[in-house]
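Please read the structure below before turning to the comments.
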Amino acid sequence: MTRGRITPALAVLAAVIGIAGQAHAYVPPSEFIIKSMAAKKRGMNSIKVKSLVSEIQGDKPTGVRFRQTLTFDAQKNTVHRSAQDEQGRELFVFERELGSSSEVVLPVDLLLLSARQSAVMESLRKREIPIKSEAELLKYETEEERRSSEQVELSKLQPLTAGAGVLVAWVLAKDGLSGEGPRFWVEKDTFLPLRLSVRAEDAEVRFEGFRWVKEVPFPRVTELSMSRKIFAREEAQEIVVNGDAASATQSGGVSAGFTEFGNSADSGLRDFIRRYYRLVK
């Protein structure tokens with residue numbers, strides 16, 4: 001199956017399921033949803049994002065924060081994240097091949113950066129997000145069976161930002177909307193990722209306010225939660241697509257850790273950085 005491309009068979013399958021279910025609301029196949037999301041990054045060769053990451057307690061900033069630079073080279077499939085203090089001194093750094101680490105709690109970088117649909121599907125399936133492949137759906141004899149086999153529902157999602165409109169999303173949920181299992185929300189019309197909750201650390205990530213730069217979407221706000229409590233809010237301040245971001249990445253492999261400045265930073269800041277990267281690195 002061609003990487004990041006909506007195959008004719010899957011597009012026809014999506015249309016047929018919709019036609020067969022005229023008495024019901026149209027629900028696209030789960031693989032079609034993931035492919036449509038991943039395809040939006042096909043025009044991205046590299047990206048560089050500068051952001052501010054703030055610690056949150058009780059829905060309010062604590063004053064502990066760091067600046068972050070994220071770079072991604074699509075050709076090398078390498079992502080690099082660097083945390084800096086207010087003076088620009090590097091505190092923590094890691095670099096790895098995108099999708100290479102099995103220890104990532106929340107696959108934030110895969111959801112936002114990868115055009116490799118198969119890698120995104122595999123990562124979500126490992127986190128118990130129910131996604132049926134085209135081949136799996138075609139094993140059913142009738143369209144009614146195919147449609148009923150999918151675990152996709154339409155739901156409303158309250159926005160992170162006060163005053164923003166309510167979002168409508170496709171929800172891929174193993175235990176349904178009434179259950180407590182892992183769930184993945186994708187915006188109904190744009191197929192942009194909105195929210196992912198997983199069992200590990202009872203963690204969750206939410207994205208909001210996508211900006212389009214050279215036809216590539218990236219969220220203005222990212223929020224991370226553990227044990228159902230928001231603890232970090234990341235605000236993108238500068239986004240450069242297909243610029244010189246790739247020059248900041250080095251090579252494949254996995255590397256991470258505090259720098260000399262990071263080791264001498266305030267213990268509260270170090271603890272926040274450690275918790276943040278434990279979820280996303």
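Each Cα pair under 8 Å and six or more residues apart adds its separation to the average, and for the range 99-252 the resulting relative contact order is 14 percent.
Multiplying the residue separation of Lys60 and Asp175 by 0.36 nm and removing their Cα-Cα distance gives an extension gain of 38.2 nm. One quarter of the surface of the convex hull around the alpha-carbon atoms of the range 33-92 equals 6.1 nm², the direction-averaged projected area.
If you build a Gaussian network model of the chain, linking Cα atoms that sit under 10 Å apart, which residue out of Gly165, Gly43, Gly176 swings the most? Top of the fluctuation ranking is Gly165. Spacing of the modelled spin labels on Ser101 and Lys76, each 7 Å from Cα toward Cβ, amounts to 1.6 nm.
In this Cβ point-charge picture (+1 for Lys and Arg, -1 for Asp and Glu), the range 146-188 has a dipole of about 140 debye about its Cα centre. Which of these, Ser225, Ser101, Ser123, has the largest mean-square fluctuation under a Gaussian network model of the chain (Cα springs below 10 Å)? In this elastic network of the chain, the residue with the biggest mean-square fluctuation among Ser225, Ser101, Ser123 is Ser101. Taking other Cβ atoms within 10 Å as a rough exposure proxy, Asp271, Asp59 sort from fewest to most as Asp59, Asp271.
Taken about its Cα centre, the chain carries a charge dipole of roughly 300 debye when the Cβ of each Lys and Arg holds +1 and the Cβ of each Asp and Glu holds -1.
Taking Ala256, Ala135, Ala265 in turn, the Gaussian network model of the chain (Cα-Cα springs below 10 Å) assigns the largest fluctuation to Ala135. Between Gln158 and Trp212, the contour length at 0.36 nm per residue exceeds the Cα-Cα span by 17.3 nm.
Building the convex hull from the alpha-carbon atoms of the chain and averaging its projection over directions returns 15.1 nm².
Set Lys and Arg Cβ to +1 and Asp and Glu Cβ to -1, take the dipole of the chain about its Cα centre, and tell me which of Leu52, Ile131, Gly268 lies farthest positive. Going by the Cα projections, it comes out as Leu52. Each peptide among 103-113, 198-208 gets the average number of other Cβ atoms lying within 10 Å of its residues, and from highest to lowest they stand as 103-113, 198-208. Counted as membrane-span-like here are DSSP H helices of the chain whose alpha-carbon atoms extend 15 Å or more along the helix's own axis and whose Kyte-Doolittle mean is 0.0 or above; these are 8-20.
Could you grab the relative contact order for the chain? Cα pairs under 8 Å, six or more apart, rounded to a whole percent. Taking the mean separation of contacting Cα pairs over the length of the chain, I get 25 percent. I need the shape label for the range 107-178. Rule: rounded when a/c is under 1.5, else prolate if a/b > b/c, else oblate, with a, b, c from the alpha carbon gyration tensor. Verdict is oblate for the range 107-178.
Enumerate by residue number the GluC sites (Glu not before Pro) in the range 130-161 meeting two conditions: DSSP loop (anything except H, G, I, E, B), and at most 14 other Cβ atoms within 10 Å of the site's Cβ. Passing both the DSSP loop test and the Cβ count: Glu141. In terms of overall dimensions, the range 58-130 has a Cα radius of gyration and Dmax of 14.8, 44 angstrom.
Helix content alone sets the calculated 222 nm mean residue ellipticity of the chain: runs of n ≥ 4 DSSP H residues at -39500 (n - 2.57) each, divided across all residues, give -7000 deg cm²/dmol. Prolate is the label for the range 125-218, because a/c, from the alpha-carbon gyration tensor with a ≥ b ≥ c as root eigenvalues, is 1.5 or above and a/b exceeds b/c.
Considered as an equivalent ellipsoid built on the Cα gyration tensor, the range 150-281 has semi-axes of 29, 21, 15 Å, the largest given first.
Where a number appears in this text, it was derived from the coordinates with a stated rule and is not lab data. All figures in this text were calculated on a predicted structure; none of them were measured in a lab. Reconstructed Cβ throughout: ideal geometry from the backbone, glycine too, with neighbour counts over all protein chains shown.
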